[in-house]
Amino acid sequence: MSFKNGILVVLTVLVAVSAGPLSGTAAAQEGGQSMEIEATITEDGGIDAVDMNWTLDEQTYQFMLSAAEDDGYDSVAEWFAEDSLEQNSPYEEYSVAEDREVENGYVLDMRFTEVNASAIDVLNITADDESVSLEWSGVEDPADDDQINQMTYVFDMPYEITDSNAYSVDGTVATWHLHEEAPETLSVDSEASADDENESNDESDDGLPGFGPAVAVVGLLAATMLAVRNQD
């Protein structure tokens with residue numbers, strides 16, 4: 001992990017943060033850090049949102065808070081999120097950026113709501129009418145990182161997961177605990193079921209083609225009145 005001009009830079013949507021040396025006490029942290037990142041994948045192969053929860057020990061948090069305050073921010077999470085938007089990263093907008101105190105440290109809660117998936121070279125998402133598949137290559141083992149000692153990736157797919165090398169799978173959600181097992185590539189396939197297709201058809205079949213329910217009812221009443229009038 002590294003700081004660029006004193007600010008941690010996000011280089012990829014799921015956590016590949018730029019790497020390099022830290023200065024001062026932050027480099028000597030003993031408690032370690034953990035990060036969990038969840039990406040919600042859409043039916044068309046995009047990314048709806050990315051939720052990031054970054055846990056820092058007290059020493060590292062205070063170091064980062066000091067730097068954030070020097071830049072005019074009261075929150076490390078807001079400082080981090082704002083810088084992510086300014087840097088060459090896939091993140092384009094966020095809705096949540098909060099610091100939360102926990103036992104022995106702090107958690108930075110961030111939610112990025114505009115994410116450019118095509119800007120992530122290591123991410124490949126393929127989608128058609130009935131399936132969405134994802135591959136994330138070049139995964140780094142937390143054992144090789146001197147900052148993050150626990151890393152969790154979560155992909156929430158649009159359909160039921162049919163195949164994956166995830167640490168665990170629950171319905172549409174695939175989870176990797178890289179500190180437990182770190183494959184070089186994360187992969188997951190999901191496919192629409194008959195129920196998914198029926199639900200999609202139900203949502204689109206609200207009345208006459210091109211009309212909402214209320215307009216459809218008005219149209220049917222008008223047609224009935226016209227038919228009665230013609231009979232007269």
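The values are calculated or read from the model by the stated rules, or taken from the named source; none is laboratory data. Because the structure is predicted, anything quoted here is derived from the model rather than measured. Here the Cβ is made from the backbone with ideal geometry for all residues, glycine too, and neighbour counts use every protein chain on show. Note: areas computed on protein heavy atoms with side chains; ligands, DNA, RNA excluded. Shrake-Rupley method; radii C 1.70, N 1.55, O 1.52, S 1.80 Å.
State whether the residues of the range 81-91 include one that is touching a residue at least 24 places away in the same chain (Cβ under 8 Å), surrounded by 19 or more Cβ atoms within 10 Å (Cβ to Cβ) and hydrophobic (A, V, I, L, M, F, W, C).
Yes: the range 81-91 contains one or more residues that are touching a residue at least 24 places away in the same chain (Cβ under 8 Å), surrounded by 19 or more Cβ atoms within 10 Å (Cβ to Cβ) and hydrophobic (A, V, I, L, M, F, W, C).
Among the residues of the range 147-163, count how many are more than 19 Å from ASP129 (Cα to Cα) and in contact with a Gly (Cβ under 7 Å, 6 or more places away or on another chain).
1
Go through ALA127, ALA119, ALA97 for me and flag whichever is open to solvent by 30 Å² or more (accessible area, probe 1.4 Å), touching an Asp or Glu at 6+ places or on another chain (Cβ under 6 Å) and of a type in the set (Gly, Ala, Ser).
After ruling out the rest, the residue left standing is ALA127.
Sort out which residues of the range 63-78 are in a loop (DSSP other than H, G, I, E, B) and out of contact with any strand residue (DSSP E or B) (no Cβ under 9 Å at 6 or more places or on another chain), and write them in order of number.
GLY72, TYR73 - these are the residues of the range 63-78 that are in a loop (DSSP other than H, G, I, E, B) and out of contact with any strand residue (DSSP E or B) (no Cβ under 9 Å at 6 or more places or on another chain).
Looking at the range 134-163, which of its residues are modelled with pLDDT of 85 or more, surrounded by 15 or more Cβ atoms within 10 Å (Cβ to Cβ), of a type in the set (Val, Ile, Thr) and assigned to a strand (DSSP E or B)?
If the condition is that a residue be modelled with pLDDT of 85 or more, surrounded by 15 or more Cβ atoms within 10 Å (Cβ to Cβ), of a type in the set (Val, Ile, Thr) and assigned to a strand (DSSP E or B), then THR152, VAL154, ILE161 are the ones that fit.
Name the residues in the range 71-121 that are hydrophobic (A, V, I, L, M, F, W, C) and over 21 Å from GLY46 (Cβ atoms), would you?
Listed by number, the residues that qualify are VAL76, ALA77, TRP79, PHE80, ALA97, VAL102, VAL107, LEU108.
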